[in-house]
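Enquirer: I'd like to ask you about the structure that follows.
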Amino acid sequence: MSLRVAILISGSGSNMVALAQSMQGDHPARPCLVLSNDPAATGLSKARAMGIPAAAVDHRPFGRDRAAFEDALMRPLLEAQPDIVALAGFMRVLTPEFVARFEGRMLNIHPSLLPKYKGLNTHARAIAAGDSEAGCTVHEVTAALDDGPILGQARVPVLPDDTPDTLAARVLPMEHRLYPAVLRRVAMGARGILTLR
Ligand code: GAR
């Protein structure tokens, strides 16, 4: 039987699409749910067009009550019975309690070469630092933000006249290669760090 993968998004969901498209044929997993904290996320309609159940739990009515939001988010997630939860551009910080429910089976993609540039504005920070390389990282999610064990990284050059947007446009296609490759390895029970160039 295939492993079930729930994918959490906040926006356009291009990484979600790459993950979902990879889960075909002899792949050991299949997408079971795409879930967003934003009902307007364009990735939701992309998921539905691919035949994947999609749902949203708007975080805004919950204000600062993160626990109440996560209770609501947990409901459709648990109903989908995922073996693996993949954060793919999911822009809400999750509490340690939420993360603990999926310990060792929650993944995230982050647009930097972790441990550099946790958090936001990663490409601007790489450029400002004068880095010659940037990239993306897939890691296991732990209680600390952008901090869990690294499962894969892909590198791209930073060019002299890069802006955050041109660098992001170079990194994103690498994200679309890296995340499916790491997901497949994780679903197959492989260990170690995958490096793409
Ligand atoms: C991606 O670049 C992803 O790495 C980043 O958001 C973008 C989502 O794009 N994630 C983070 O910054 C997480 N902290 P997508 O919705 O098109 O996949």
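Enquirer: Using 1/(1 + (r/R0)^6) with R0 = 22 angstrom and r between the beta carbons of His27 and Leu145, what's the FRET efficiency to the nearest 0.05?
Expert: Numbers: r = 30 Å, r/R0 = 1.34.
It comes out at approximately 0.15.
Enquirer: Let me ask something additional. Around Met91, which amide H atoms from residues at least 5 apart in sequence, or from another chain, sit under 5 Å from its own amide H, with H modelled in the peptide plane?
Expert: Here Ser10 satisfy the definition.
Enquirer: Measure nothing fancy, just the Cα-based angle from helix 66-79's long axis to the longest principal axis of the chain, in degrees from 0 to 90, nearest 10.
Expert: Tilt of helix 66-79: around 70 degrees.
Enquirer: Give me the extension gain from Arg101 to Ala67: residue separation times 0.36 nm, minus the current Cα-Cα distance, reported in nm with one decimal. Kindly include the intermediate steps, with their values, before the conclusion.
Expert: Working: separation 34, 0.36 × 34 = 12.24 nm, distance 1.34 nm.
Additional length available on full extension: 10.9 nm.
Enquirer: Amide H to amide H, which residues 5 or more places from Ala134 or on other chains are under 5 Å from it, using H placed in the peptide plane?
Expert: Val156, Val158
Enquirer: Which residue, Met188, Pro82, Leu159, has the largest displacement toward the positive end of the dipole of the chain when charges sit on each Cβ (Lys, Arg +1; Asp, Glu -1)?
Expert: Met188
Enquirer: Charges only on Cβ, +1 for Lys and Arg, -1 for Asp and Glu: so what's the dipole of the chain about the Cα centre, in debye to the nearest 20?
Expert: On the way: 21 positive and 19 negative charges, 72 e Å.
Computed charge dipole of the chain: roughly 340 debye.
Enquirer: On to the next question. When Leu78, Leu151, Leu33 are ordered from fewest to most other Cβ atoms inside 10 Å of their Cβ, what list results? The partial results should precede the final answer.
Expert: Numbers: Leu78 11, Leu151 24, Leu33 21.
Ranking Leu78, Leu151, Leu33 by Cβ neighbours within 10 Å, fewest first, gives Leu78, Leu33, Leu151.
Just so you know, all these numbers are worked out from the coordinates, no wet-lab data involved. The model shown is predicted, which means the values in this text are computed figures rather than measured ones. Glycine gets a Cβ as well: all are built from the backbone with ideal geometry, and neighbour counts include every protein chain shown.
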